Amino acid sequence: MTFKASLALAGCMLMGAASAQDTAVAIGISGWTGFAPLTLAKEAGLFKKHGLDVSLKKIPQKDRHLAIASGDIQCAATTVETWVVWNAGGVATTQIFQLDKSYGADGMVVKPGIARIADLKGKTVAADAPGTAPFFGLAWMLKKNGLTIKDVKVVNLAPQAAANAMIAGTDGIDAAMTYEPYLSAVRAKPEAGKIIATTLDYPMVMDTFGCTPKFLAENPKAAKALADAYFDAVELVKNDPKKSFEIMGADVKQSGEAFEKSQAYLRWQDRAANQKFFAGEHAAFTKEAADLLLDAGIIKQIPDLTRLADTRFLK
């Protein structure tokens with residue numbers, strides 16, 4: 001048998017094994033550009049190839065932990081610090097791989113006349129609810145500029161609504177926290193305000209994928225398959241970007257071209273990048289984030305940070 005034929009036979013055997021043991025898993029996500037390879041993995045059949053029957057559910061970040069607690073979903077995608085909040089609140093979850101890092105995809109928009117983040121003292125800022133990435137991003141940026149959440153008035157608006165409020169020039173809102181693809185809508189309307197800071201200035205938005213400890217304990221092969229399918233999707237983007245952008249863009253009602261522009265502000269993380277991230281950066285950032293969350297009153301106590309990541313599935 002030739003080498004090529006052997007590969008083909010091996011592929012058929014793998015596909016056969018996968019179809020015989022499809023594991024059902026429900027995943028909570030949002031329309032955030034960084035999560036898009038999960039959509040690509042589903043639409044391109046990569047989850048299926050690895051023996052998974054995946055359903056992707058769009059759930060606001062502020063409610064995703066409730067869906068996990070209820071058993072409606074077993075896994076989710078969210079920012080690193082959010083896992084701290086969930087575990088501190090009694091929703092046990094463990095991260096198993098990194099999805100992306102924001103390189104300007106998250107930011108703060110301010111109305112004309114506001115020159116510095118320090119000028120926001122006493123002002124009103126639109127940001128998603130406590131426990132979400134935009135709220136954490138606001139707290140992080142304020143702290144780095146000598147302020148705290150208590151120095152501003154926060155109006156809770158989801159990222160899309162926050163961006164729309166700035167574009168509309170809504171009275172009473174001086175600044176807003178949002179992210180791609182909604183941040184690009186603000187970029188296109190400079191008269192609505194300016195982007196005063198992004199994750200290029202404050203690199204604190206990074207997303208990971210995790211599941212309940214129960215799911216991981218009962219389905220270790222499926223957990224490995226989830227990671228492998230994600231890394232396959234990242235590779236597919238590299239090999240066939242045009243088609244990949246079309247598929248991922250369609251999920252958030254963007255053209256392939258528009259999606260390509262919005263994804264330029266982040267970096268999806270492949271297997272090698274994951275191994276490097278979890279070798280030290282993840283633990284260091286988690287500790288700093290947990291301290292800030294405690295200081296801001298978002299959590300009452302810091303959970304056991306050593307239980308928040310399981311790197312077995314990165315190999």
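The values are calculated or read from the model by the stated rules, or taken from the named source; none is laboratory data. Given the structure is predicted, the values throughout are model-derived calculations rather than measurements. All Cβ positions, glycine included, derive from the backbone under ideal geometry; neighbour counts span all protein chains shown.
Out of the helices (runs of 4 or more DSSP H) lying entirely within segment 220-315, which hold 1 or more residues that are of a type in the set (Phe, Trp, Tyr)? Step through it out loud before you land on a result.
Numbers: elements: 220-239, 241-251, 256-263, 271-276, 282-295.
Where helices (runs of 4 or more DSSP H) fall fully within segment 220-315 and carry at least 1 residues being of a type in the set (Phe, Trp, Tyr), they are 220-239, 241-251, 256-263, 282-295.
Whether any residue in segment 163-173 is in contact with an Asp or Glu (Cβ under 9 Å, 6 or more places away or on another chain) and surrounded by 19 or more Cβ atoms within 10 Å (Cβ to Cβ) is what I want to check.
No: segment 163-173 contains no residue that is in contact with an Asp or Glu (Cβ under 9 Å, 6 or more places away or on another chain) and surrounded by 19 or more Cβ atoms within 10 Å (Cβ to Cβ).
List every residue pair whose Cβ atoms sit under 7 Å apart, with the two residues 6 or more apart in sequence or on different chains, where the first one lies in segment 275-296 and is in the same structural domain as PRO130 (by TED's automatic domain parsing) and the second, anywhere, is part of a helix (DSSP H, G or I).
none
With (1) in the same structural domain as LEU120 (by TED's automatic domain parsing); (2) in contact (Cβ under 8 Å) with a residue 24 or more places away in the chain; (3) of a type outside the set (Val, Ile, Thr) as the list, and CYS211 as the residue in question, which single condition is left unmet?
Unmet for CYS211, out of (1) in the same structural domain as LEU120 (by TED's automatic domain parsing); (2) in contact (Cβ under 8 Å) with a residue 24 or more places away in the chain; (3) of a type outside the set (Val, Ile, Thr): (1).
So the check is Cβ under 9 Å with 6+ separation or different chains; which pairs have a first residue in segment 246-263 that's touching a residue at least 24 places away in the same chain (Cβ under 8 Å) and a second one that's part of a loop (DSSP other than H, G, I, E, B) and β-branched (Val, Ile, Thr)?
Every condition considered, the pairs that remain are PHE259/VAL252; SER262/VAL252.
Scan segment 50-64 and give yes if some residue there is in a helix (DSSP H, G or I) and either more than 19 Å from THR286 (Cβ to Cβ) or free of Cβ contacts under 8 Å to residues at least 12 places away in the same chain (or both), otherwise no.
Step one: filter segment 50-64 for residues in a helix (DSSP H, G or I), giving 61-64.
Narrowing the set further to residues that are either more than 19 Å from THR286 (Cβ to Cβ) or free of Cβ contacts under 8 Å to residues at least 12 places away in the same chain (or both) leaves 62-63.
Yes, some residue in segment 50-64 is in a helix (DSSP H, G or I) and either more than 19 Å from THR286 (Cβ to Cβ) or free of Cβ contacts under 8 Å to residues at least 12 places away in the same chain (or both).
Filter segment 115-132 down to residues that are among the acidic types (Asp, Glu) and either in a loop (DSSP other than H, G, I, E, B) or under 20 Å from THR78 (Cβ atoms) (or both), then give me how many there are. Talk me through it step by step, then tell me what you get.
Step one: of segment 115-132, the residues among the acidic types (Asp, Glu) are 119, 128.
Restricting the remaining residues to those that are either in a loop (DSSP other than H, G, I, E, B) or under 20 Å from THR78 (Cβ atoms) (or both) gives 128.
Result for segment 115-132: 1.
If you take the residues in segment 114-156 that are among the acidic types (Asp, Glu) and touching a residue at least 12 places away in the same chain (Cβ under 8 Å), which one is nearest to ILE298 (Cα to Cα)? Break it down into steps so the answer makes sense when it comes.
Step one: filter segment 114-156 for residues among the acidic types (Asp, Glu), giving 119, 128, 151.
Filter once more, so that each one left must be touching a residue at least 12 places away in the same chain (Cβ under 8 Å): 128, 151.
On the way: ASP128: 13, ASP151: 15 Å.
Among them, the one singled out is ASP128.
Which of the following residues is modelled with pLDDT of 95 or more and among the acidic types (Asp, Glu): ASP151, ASP106? Full working, then the answer.
Values: ASP106 fails: modelled with pLDDT of 95 or more.
The match here is ASP151.
Can you tell me which condition PRO112 does not meet? The list is (1) under 28 Å from ALA229 (Cβ atoms); (2) in contact with a strand residue (DSSP E or B) (Cβ under 9 Å, 6 or more places away or on another chain), and all the others hold.
It fails just one condition, (1).
Of the residues that sit in segment 70-113 and are outside any helix (DSSP H, G or I) and of a type in the set (Phe, Trp, Tyr), which one is nearest to GLN301 (Cα to Cα)? First the steps, then the outcome.
First pass over segment 70-113, keeping only residues outside any helix (DSSP H, G or I): 71-79, 89-113.
Now narrow it down to the ones that are of a type in the set (Phe, Trp, Tyr): 97, 103.
Values: PHE97: 25, TYR103: 30 Å.
Only one residue fits best here, namely PHE97.
Rundown of residues vs (1) closer than 21 Å to PRO130 by Cα; (2) assigned by TED's automatic domain parsing to the domain that holds LYS194; (3) touching a strand residue (DSSP E or B) at 6+ places or on another chain (Cβ under 9 Å); (4) surrounded by fewer than 24 Cβ atoms within 10 Å (Cβ to Cβ), yes/no style:
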site	(1), (2), (3), (4)
GLY45	no, no, no, yes
VAL84	yes, no, no, no
VAL91	yes, no, no, yes
GLN98	no, no, yes, no
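Anything in segment 137-162 that is surrounded by 18 or more Cβ atoms within 10 Å (Cβ to Cβ) and in contact with a strand residue (DSSP E or B) (Cβ under 7 Å, 6 or more places away or on another chain)? List them, or say none.
Within segment 137-162, GLY137, LEU138, MET141, VAL152, VAL154, LEU157, PRO159, ALA162 meet the criteria.
Within segment 102-118, which residues are within 18 Å of PRO159 (Cβ to Cβ) and in contact with a helix residue (DSSP H, G or I) (Cβ under 8 Å, 6 or more places away or on another chain)? Before you say what the answer is, go through the steps one by one.
Residues of segment 102-118 that are within 18 Å of PRO159 (Cβ to Cβ), as a first pass: 102-111.
Selection gives SER102, ALA105, ASP106, GLY107, MET108, VAL109, VAL110, LYS111.
Across segment 201-219, what is the number of residues that are of a type outside the set (Gly, Ala, Ser), more than 21 Å from ASP270 (Cβ to Cβ) and surrounded by fewer than 17 Cβ atoms within 10 Å (Cβ to Cβ)? Steps first, please.
Taking segment 201-219 and keeping what is of a type outside the set (Gly, Ala, Ser), we get 201-209, 211-216, 218-219.
If we keep only those that are more than 21 Å from ASP270 (Cβ to Cβ) as well, we get 201-202, 204, 212-216, 218-219.
From the residues that got through so far, the ones that are surrounded by fewer than 17 Cβ atoms within 10 Å (Cβ to Cβ) too are 201, 213-214, 218.
Matching residues across segment 201-219 total 4.
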